[in-house]
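Asker: Can you keep this structure in mind? I'll have questions shortly.
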Amino acid sequence: MPGAGADTTGVEESIALLSSFMSNDSTTEIERHLRALVAAGAAGDRLPSTRALVSQFAVSPLTVQNAMQRLAAAGLIETRPGTGTFVSARPTITRSDFSWQTTALGSMRTGHSVVGTAMSLDSTVPIAMHSAYPSEGLLPQRLIRQALGRAARRSPDIDRPLLGGMPELRAYFANEIDANTAARASGISSDDTIVVPGSQSALISVFRALAQPGDAIVMESPTYWGAIAAARQAGLVIVPIARGSQAPRAAELDEALETSGARLFYAQPHFANPTGALWTAAEAASLLDVIRARKAFLIEDDWAHDFGIDAQVRPLIWHDTDGHVVYLRSLSKSVSPSLRVGAVIARGPALARIQVDRTVTDLYVSGSLQAAALDVVTDPGWRSHLVRLRESLRVRRDTLAGYVVEHLGAETLTHLPKGGLNLWLRFDDGVDVARLVAECLSKGVSMAPGAEWYPAEPPGSFVRLNFSGPHPERFGEGVEVIAAALASRRALDGRKGTP
């Protein structure tokens, strides 16, 4: 059967075929009939036999059994072999009292809506442009399958991995800092590297290790929603500084550090999420000067390391000699969401504190996942994959941006990012983004509302569109849905304003 797995048996195929031709209408009709009998009856009442129902509804025994299984799964009926099918005893409904937890837990560290749209929705939306991860077709599927197979066959993987991670994988992350340079300039080694289960987990550890609850942390605004949530969960007070398509101003960072007393600055210098913005070399140098002068830490989240399109950049930690930069990198987006493997690079006492928190939190990262990740990124095919990936991202970015300009207007696109996975759009200030997102979702188009990416109130009406999700051939259709929803809203607002 086309599309069937290689190990599907003939019996399984037959069952699948029977199920596909089964009449859903008949099953629903029988189920409705049985539910009525259950509602009218009492616990222990016997229901008609399969043979009687087959005769009454002129359907196959399989159709009857399917309806019976639905009711049994709902706990409405029970089957007694050799006796028949009976109405189940009605469960006693109890109401628990959780009110004591209100006093015991105290106030919340974060709001209810901690998880962003990019994670709370899945990719089953017909036109999914909210996505947090590249679609399957952009991942190195062959390399992943081979690596996982080899990792599973390695007997040493039953042993406990080293606390800091596999030496070879730590060396890979350290060497990447000096990639594409003629000589080793950063001085970073595997001894400065800790393997972590993804950068989100690392963020929490870095915040907890380098600050105390109640301390301030400076963040770009907008910035990654997960970092906002992690900082608040660690009990930190976020001090936002504005950034758009460029870096924050060095003077604003200096003032924020001075007035708040913060010693942490979290930033995404390269292809920031959600805006796609990129710091220039001059901007990076001036911001690093502020960090050094204030004796602070720059937490560099290099989430889009593998997603450069029109620019290949060097991590800021390459320029750091005295341990001011704490560097985060993850393979979860570029290799596979299932391989939650990343790294923290730091130096001095900061590294030791982060290692303590990592050990207390997770002890170590799965040896099998580490081995698989290392296998992928050291395979000769990995570099070839990255070349193809970046070209695919270029085509997707340009295609989606073209539709945005055509249907929403050039002014809606804040800028064309030189890398990353997202476009950052700004609508007229009067647009209710939450309502627009909900309306488009009801029509099968998803996007991430801009407010989720701000640690304070958003200064306008923004949304993020991801161009790495599934079905890029439907980008045009998706943007047309957004445009129609905007036009409908403007028309409605116009009618409301008519005297």
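Taken together, the values in this text are just the output of simple stated rules run on the coordinates, not laboratory data. What you see is a predicted model; the values in this text were computed from it and never measured. Cβ placement follows ideal geometry from the backbone for every residue including glycine, while neighbour counts extend to all protein chains displayed.
Asker: Rounded to the nearest 500, what is the 222 nm mean residue ellipticity of the chain from helices alone, with -39500 (n - 2.57) per DSSP H run of 4+ residues and division by all residues? Write down the numbers at each step before the final one.
Answerer: Working: 17 runs with 215 residues, N = 499.
Here the helix-only value at 222 nm equals -13500 deg cm²/dmol.
Asker: Considering only C-alpha atoms, what is the centroid distance from the stretch 294-342 to the stretch 465-484, in Å?
Answerer: The two parts, judged by their Cα centres, are 29 Å apart.
Asker: Report, ordered by chain and residue number, the aspartates and glutamates lying within cross-link reach of Lys443, taken as a straight Cα distance under 20 Å and ignoring same-chain residues fewer than 8 apart.
Answerer: Asp122, Asp432, Glu473, Glu477, Glu480
Asker: How would the stretch 219-319 be classified by its alpha-carbon gyration tensor: rounded, prolate or oblate, with rounded meaning a/c under 1.5 and the a/b versus b/c comparison settling the rest? Before the final figure, lay out each step's value.
Answerer: Working: a/c = 1.76, a/b = 1.25, b/c = 1.41.
Verdict is oblate for the stretch 219-319.
Asker: Starting at the first residue of the stretch 246-253, write each ³J(HN,Hα) from the Karplus equation 6.51 cos²θ - 1.76 cosθ + 1.60 with θ = phi - 60°, in whole Hz, x for Gly and Pro.
Answerer: With the stated coefficients, the stretch 246-253 comes to 10, 6, x, 6, 4, 5, 5, 5 Hz.
Asker: Continuing with this model, one more query. Just want to confirm a number: the relative contact order over the chain, from Cα pairs under 8 angstrom separated by 6+ residues, in percent.
Answerer: Numbers: 797 pairs, mean separation 89.8, N = 499.
In percent, rounded to a whole number, it is 18.
Asker: May I ask you to list the aspartates and glutamates whose Cα is less than 14 Å away from that of Lys418, ignoring any residue fewer than eight positions away on the same chain?
Answerer: Asp306, Asp310, Glu391, Asp398
Asker: Another question, then. Which one of Gly450, Ala147, Ala434 is farthest out on the positive end of the charge dipole of the chain, using unit charges on Cβ (Lys, Arg +1; Asp, Glu -1) and the Cα centre as origin?
Answerer: In the chain, that residue is Ala147.
Asker: Can you tell me the 0 to 90 degree angle between the C-alpha axis of helix 199-210 and the longest principal axis of the chain, rounded to 10?
Answerer: The two axes meet at around 50 degrees.
Asker: Sticking with this one: Which residues make up the longest stretch of the chain that has no trypsin sites (Lys or Arg not before Pro) in a DSSP loop with at most 11 other Cβ atoms within 10 Å?
Answerer: On the way: sites that count: Arg95, Arg153, Lys295.
The reported range is 296-499.
Asker: Which whole-number percent is the relative contact order of the stretch 157-379 (Cα, under 8 Å, 6+ apart)? Don't skip to the answer; put the middle values down first.
Answerer: Details: 402 pairs, mean separation 60.1, N = 223.
In percent, rounded to a whole number, it is 27.
Asker: Also, I was wondering about something else. Given the C-alpha centroids of the stretch 194-228 and the stretch 423-455, what is the distance between them in whole angstrom?
Answerer: Here the answer is 26 Å between Cα centres.
Asker: Another question about this same structure. Quick one: which residues, 5 or more positions from Leu421 or on another chain, have an amide H under 5 Å from its amide H? H modelled 1.01 Å from N in the peptide plane, none for Pro or chain starts.
Answerer: Residues meeting the criterion, in which the H sits 1.01 Å from N, do not exist here.
Asker: Residues of the stretch 320-353 with the amide nitrogen closer than 18 Å to a label point 7 Å from the Cα of Arg145, along Cα-to-Cβ, please.
Answerer: Inside the label zone: 335-339.
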